[in-house]
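One structure below.
The values are calculated or read from the model by the stated rules, or taken from the named source; none is laboratory data. A quick note: this is a predicted structure, and the numbers were derived from the prediction, not measured. Cβ coordinates were reconstructed from backbone atoms using ideal geometry, including for glycine residues, and neighbour counts include every protein chain displayed.
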Amino acid sequence: MTLASPRPALATPRLPKSEPAVATRWALVDAMRAVAAAVIAAHHFALYPPLSNWARPILADSIPWLRTHGRIAPVFFALGGYVMARTMSERTWRFADLGRFLLGRYCRLAAPYLVVVAVAVAACAIARGYIPESVIGPPLTWQQVAAHVFFLQDILDQRYPGRFESLSTGLWFVGIYFQLVVLYAVLLCLRDAVARRLGPRGRGTAQRMMMAVCWTLAIASLFYFNRYDHWNVWAVYFFCHLFLGIMVYEGLKNTRGQILFWIYVALMGLAVGQGLLLTNAWRWRLIDSLVPALLLFAGGKLALIDRWPRSRIVGYLGRSSYSFFLVHFSVLVLVATLWVRAGWNTPWAAVAGLLVAAMLSLAAAAVIYRWVEVPVERVVRRYS
């Protein structure tokens, strides 16, 4: 299988599709998604009491380590950048088609997300009085619900602290990812609009212009926006991670792209060093995306992305990782509530509770993936 499909002629516009055909999966990407989702779930299981506190005598140093180093959501942005570039960049784009594309992408992201929001609301209502409010948050308001529908809760909560608090952990990721999709799709539309104005030979020039804009955004993200947490509700804060995935794709296409990929890797290394010089601290979020991007690039050079690992279980865990990422917190809250009510607060009972929460999270993710993600994806493909 070739890495990039042939570019369609500009005279034959076609509606962009958000993802490859259902049968097309990339084994290495799915495996990395599965691992990343498991680490993030472990981070949350270690972070939120009471089970993690009760289990600490047995799990010892693993609890504080996961609390500190388990926040690896940038992995998903880097992988998302590669997938976006591979599935979107070779197509022809028009602004007339953009609304339908973004509506389809919103539906695919929002359907499981809104199901999990409903589950989280119910879980926190059941847990109130048993689990600390610092974990489950205050009673919800309709303002919060409305903000979640449009992925605006974190933006509004930054402007009005305490009024739009997230209803579950990890929901911020969905809003940021949608912002990044919108930004990349708009850039592609601009690229092809310029290409049409320049004529039959304008595609290459337009592509270089778009990449120049992406480089500018990525460098600004690396050395400015990503250093300040008040930007972390906007796509520019995370664009440096997405662009790394885009550069993995570009680097696997030809020698020039490979040189540019290594230049960007060097810039990320420089940004890590900047963190050490200015704050005497590692910028772990950059390393969190850099390491998997290098692994993905190596996998591409060895022609492993499409075919390794050959495991149906790992592949399924990767495909359902989005639902797992969303639902595991609600499951943890429900299991912890049961354990508190039953008085199962010994270290071994707490460890058992964490294992039960992990298994039930996988089961809940399988249900949401099978009955929400897959049907919505089919409908979106049918109408796009």
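Within region 358-381, residues that are loosely packed, with under 15 Cβ neighbours inside 10 Å reach no partner that is of a type in the set (Asp, Glu) with beta carbons closer than 8 Å at six or more positions or on different chains. Is there a residue being at pLDDT 95 or above, over 21 Å from ALA127 (Cβ atoms) and among the β-branched types (Val, Ile, Thr) anywhere in region 342-365? Within region 342-365 (the criterion being at pLDDT 95 or above, over 21 Å from ALA127 (Cβ atoms) and among the β-branched types (Val, Ile, Thr)), the answer is no, since none of the residues qualifies. Taken across region 230-253, residues that are hydroxyl-bearing (Ser, Thr, Tyr) and under 30 Å from LEU114 (Cα atoms) do occur, with at least one present. Under the condition of being in a helix (DSSP H, G or I) and surrounded by fewer than 17 Cβ atoms within 10 Å (Cβ to Cβ), the residues counted in region 220-239 number 6. The condition of being at pLDDT below 95, buried (at least 16 other Cβ atoms within 10 Å of the Cβ) and either of a type in the set (A, V, I, L, M) or under 19 Å from ARG191 (Cβ atoms) (or both) holds for SER18.
Every test in (1) at pLDDT below 95; (2) over 22 Å from LEU252 (Cβ atoms); (3) assigned to a helix (DSSP H, G or I) is passed by VAL327 save one, and that test is (1). Restricting LEU277, LEU260, LEU242 to residues that are part of a helix (DSSP H, G or I), modelled with pLDDT under 95 and not β-branched (Val, Ile, Thr) narrows the list to LEU277. For region 123-139, the candidate set comprises residues that are within 25 Å of the chain's Cα centre (by Cα) and touching a residue at least 24 places away in the same chain (Cβ under 8 Å); within that set, the residue that is nearest to HIS43 (Cα to Cα) is VAL135.
One line per residue, one yes/no per condition, for (1) at pLDDT 95 or above; (2) surrounded by 22 or more Cβ atoms within 10 Å (Cβ to Cβ); (3) in contact with a Cys (Cβ under 6 Å, 6 or more places away or on another chain); (4) of a type in the set (A, V, I, L, M, F, W, C):
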{"position": "LEU47", "(1), (2), (3), (4)": "yes, no, no, yes"}
{"position": "TRP54", "(1), (2), (3), (4)": "yes, yes, no, yes"}
{"position": "SER62", "(1), (2), (3), (4)": "no, no, no, no"}
{"position": "TRP65", "(1), (2), (3), (4)": "no, no, no, yes"}
{"position": "ARG94", "(1), (2), (3), (4)": "yes, no, no, no"}
{"position": "LEU103", "(1), (2), (3), (4)": "yes, no, no, yes"}
{"position": "TYR106", "(1), (2), (3), (4)": "yes, no, no, no"}
{"position": "PRO112", "(1), (2), (3), (4)": "yes, yes, no, no"}
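Collect the residues in region 34-91 that are touching a helix residue (DSSP H, G or I) at 6+ places or on another chain (Cβ under 6 Å), of a type in the set (D, E, K, R) and farther than 30 Å from GLY300 by Cα, keeping them in residue-number order. Hits for region 34-91 are ARG56, ARG67. Among the candidates VAL186, VAL194, the residue that is surrounded by fewer than 20 Cβ atoms within 10 Å (Cβ to Cβ), more than 21 Å from the chain's Cα centre (by Cα), among the β-branched types (Val, Ile, Thr) and more than 29 Å from ALA42 (Cβ to Cβ) is uniquely VAL194. With respect to the conditions (1) touching a residue at least 40 places away in the same chain (Cβ under 8 Å); (2) in a helix (DSSP H, G or I); (3) crowded, with 16+ Cβ neighbours inside 10 Å, CYS214 lacks only one, and its number is (1). Is one or more of the residues making up region 255-268 surrounded by fewer than 18 Cβ atoms within 10 Å (Cβ to Cβ) and among the aromatic types (Phe, Trp, Tyr)? Among the residues of region 255-268, at least one is surrounded by fewer than 18 Cβ atoms within 10 Å (Cβ to Cβ) and among the aromatic types (Phe, Trp, Tyr), which makes the answer yes.
Residue under question is LEU304, and the condition is that it be closer than 30 Å to TYR264 by Cβ and assigned to a helix (DSSP H, G or I); does it hold? It is false that LEU304 is closer than 30 Å to TYR264 by Cβ and assigned to a helix (DSSP H, G or I). Residues considered: ARG283, ARG310. Of these, the only one that is of a type in the set (Lys, Arg) and surrounded by fewer than 17 Cβ atoms within 10 Å (Cβ to Cβ) is ARG310. Checking region 160-169 against the condition returns a match, with at least one residue being within 29 Å of ILE246 (Cα to Cα) and either of a type outside the set (Asp, Glu) or surrounded by fewer than 21 Cβ atoms within 10 Å (Cβ to Cβ) (or both).
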